[in-house]
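**Student:** Pasting a structure here, questions to come.
The values are calculated or read from the model by the stated rules, or taken from the named source; none is laboratory data. Nothing here was measured: the structure is a model prediction, and the numbers come from that model. Note that we place each Cβ from the backbone using ideal geometry, even for glycine, and neighbour counts take in every protein chain shown. Accessible surface is based on the protein model in full, side chains and every heavy atom, while ligands, DNA and RNA are left aside. Shrake-Rupley method; radii C 1.70, N 1.55, O 1.52, S 1.80 Å.
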Amino acid sequence: MTATAVSVEPVRRRSDLTAFIRFPHLIHRPEDPWIPPLDRERRAFLDPRRNPFFDYAEAALFLARRGGRVAGRIAAVRNPRHNELHGADEGFFGMFECVDDPGAAHALFEAAAGWLAERGLRTMLGPVSLSTNHECGLLVDSFDRAPAVLMPYNPAYYPRLLEACGCVKAKDLWAWELTWDQVPDEFLPLADALAEGSPYTVRPLRLADLDSAASRIWAVFNQVWAGNWGFVPATEKEFRHLVRTLKPILRPELTLIAERDGETVGALIGVPDAGPAFRAARGRLTPLGLLRFARALRHLDAARLVLLGVRAENRDDRVVLELGARAMRAARELGIRRVEFSWILEDNDAANGVARYIGARRSKTYRIYRRGCEPPR
């Protein structure tokens, strides 16, 4: 008997977008550690009128169907700022989800590659959803562990599907995990000693000053990460939007700003790992979902370190250690018992060395793949 053919069509109607957003709920089993995103947030994220990423980039969304049923999805992304900065002709793929069906996966990659090739792009990197300032990477190990907030999760068969579609490794991204018993005894006393007489002032974020603080952190963020593999500076509008999306889960004690002579020179952004709250809401903030979300948010015991950076001209052990020590003490007072640092490039020796020094252990590996925009022969 002949298998039913796979069809791939771009998302055009609202019903298509709903199917695109809801499809991951059909992929992940109840026992999987996947954290469902909020439908409302995903719809806003993909809306060119509401996501500043689309001020300079464009994306096409595709759905694969077999026998009339959705079998997978993918996004193809053209980011001119990436290519201008890196002198490349690369596109991106992201938001990939698929049943364990090599034919459906192949059809999705052909659709994304064709859309990018029509725009003069020769290769694509991913998963990147939608830029390296958003979720990126495919989980390739530790499938039994829940993702930290704003980090991806996928079934264990995904790497096999991507590799069968001609994708090869481009770069690995590492996550590190720290519990307080792993921290060397000398760390906090050393940080305190170095902070004595320091010209730097470290203070927590003031939520009432969120937009202004986001603009100051934005300048640090773009300077610190300039030159990193795959990095594209966020626009100020884009970065402020990203910070605003974090506002419901931000704790001022875990978001610290370092200043010298009134100028922002460094920042640390940590957020409670709100995954259990998103899981409790089941993707929808109905009155019941909102109640479950708020209740779960009060009982979180993990956090994620999203950003830690100091301007090159101000970088020294004192300010970095003081930011880390202040955040560590605040996390303990909030009842946080475990922190994930994610993500760090596999070849960022300095950052990975700091993680090792304070006792963290590598916990997960995420992979960025590369594939040509022409089908493999």
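**Student:** Can you name the residue in the range 59-86 that is without any contact (Cβ under 8 Å) to a residue 24 or more places away in the chain and over 24 Å from the mean Cα position of the chain (by Cα) and, of all such residues, is nearest to residue 134 (Cα to Cα)?
**Tutor:** Taking the candidates together, the pick is 69.
**Student:** Anything in the range 247-275 that is part of a helix (DSSP H, G or I) and without any contact (Cβ under 8 Å) to a residue 40 or more places away in the chain? List them, or say none.
**Tutor:** Within the range 247-275, 248 is the sole residue that qualifies.
**Student:** Ok, one more. Can we say residue 281 is crowded, with 21+ Cβ neighbours inside 10 Å and closer than 21 Å to residue 30 by Cβ?
**Tutor:** Taking the combined requirement at face value, the residue satisfies it.
**Student:** How many of the residues in the range 2-32 are among the β-branched types (Val, Ile, Thr), in a loop (DSSP other than H, G, I, E, B) and open to solvent by 40 Å² or more (accessible area, probe 1.4 Å)?
**Tutor:** Selection size over the range 2-32: 2.
**Student:** Looking for something in a helix (DSSP H, G or I) and open to solvent by less than 40 Å² (accessible area, probe 1.4 Å) - is there at least one such residue anywhere in the range 335-343?
**Tutor:** No, every residue in the range 335-343 fails to be in a helix (DSSP H, G or I) and open to solvent by less than 40 Å² (accessible area, probe 1.4 Å).
**Student:** Hey, does the range 162-170 have a residue that's on the phi < 0 side of the Ramachandran plot, of a type in the set (Lys, Arg) and over 23 Å from the mean Cα position of the chain (by Cα)?
**Tutor:** Scanning the range 162-170 turns up no residue that is on the phi < 0 side of the Ramachandran plot, of a type in the set (Lys, Arg) and over 23 Å from the mean Cα position of the chain (by Cα).
**Student:** State yes or no: is residue 36 open to solvent by less than 40 Å² (accessible area, probe 1.4 Å), farther than 18 Å from residue 78 by Cβ and not in a strand (DSSP E or B)?
**Tutor:** yes
**Student:** Please enumerate the residues belonging to the range 164-181 that are open to solvent by 30 Å² or more (accessible area, probe 1.4 Å) and not in a strand (DSSP E or B).
**Tutor:** Scanning the range 164-181 gives 164, 166, 180, 181.
**Student:** Among the candidates 81, 43, 73, 69, which residue alone is under 19 Å from residue 99 (Cβ atoms), out of contact with any His (no Cβ under 8 Å at 6 or more places or on another chain) and surrounded by 15 or more Cβ atoms within 10 Å (Cβ to Cβ)?
**Tutor:** From the options 81, 43, 73, 69, the qualifying one is 73.
**Student:** Could you give every pair whose Cβ atoms fall below 6 Å, whose first residue belongs to the range 195-224 and is under 14 Å from residue 321 (Cα atoms), and whose second residue is open to solvent by 40 Å² or more (accessible area, probe 1.4 Å), counting only separations of at least 6 or pairs across chains?
**Tutor:** 198/318; 199/260; 200/260; 202/326
**Student:** When the range 46-58 is examined, which residues are found to be open to solvent by 30 Å² or more (accessible area, probe 1.4 Å) and more than 18 Å from the chain's Cα centre (by Cα)?
**Tutor:** The answer is 48, 49, 50, 55, 56, 58.
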